[in-house]
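Below you'll find the structure, written out as structure tokens, and then a few comments.
Read the figures in this text as sums done on the coordinates, not as results from a lab. Note that this is a predicted model, so its numbers are computed, not measured. So basically every Cβ, Gly included, is an ideal-geometry build from the backbone, and we count neighbours across all protein chains shown.
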Amino acid sequence: MSLQKITPFLWFNTEAEEAAKFYVSVFKDAKLGKIARYGAGMPGPKGSVMTVTFEIEGQPFMALNGGPQFKFTEAVSFMVNCKDQKEIDYYWDKLTADGGKEVACSWLKDKYGLCWQIVPANLGELLGKDQAQTDRVMAEVVKMVKLDIATLERAAKGK
């Protein structure tokens with residue numbers, strides 16, 4: 001993995017390795033990287049996983065087993081731009097599986113509590129032409145949990 005200027009750093013209680021393997025299984029262009037373990041005299045149990053690096057679509061991540069004191073919130077999410085409805089459905093189903101939760105307006109929480117937005121890749125275009133178009137599209141978005149591209153495209157066209 002190449003060094004990126006900014007790398008998302010995800011704090012888990014004890015699930016860093018499990019979560020990294022899960023994310024790598026969900027995304028087709030993904031790979032697991034290095035696993036570092038706690039040594040003697042460190043904050044975690046000796047030999048247990050400290051950090052795991054992984055990469056999704058060329059974006060490096062690092063996951064830490066740092067303990068239970070911090071949790072993910074909706075203040076940070078990862079947006080997945082999808083080429084079509086099939087891809088939206090795929091990521092939605094994978095990331096809400098096994099305890100993940102649907103939220104609203106393209107948002108979901110995976111089984112680890114990490115927030116994701118699963119959106120059509122053309123969302124900016126659908127929202128961006130003029131205020132009337134933005135209003136029509138957003139009127140549909142707020143009615144949805146998982147986004148439906150066809151409905152949003154019809155709204156953008158004023159149909």
Considering only the stretch 120-128, I want to know if a residue exists there that is surrounded by 15 or more Cβ atoms within 10 Å (Cβ to Cβ) and over 26 Å from E57 (Cα atoms). no
Anything in the stretch 88-134 that is among the acidic types (D, E) and closer than 24 Å to L64 by Cα? List them, or say none. D98, D110
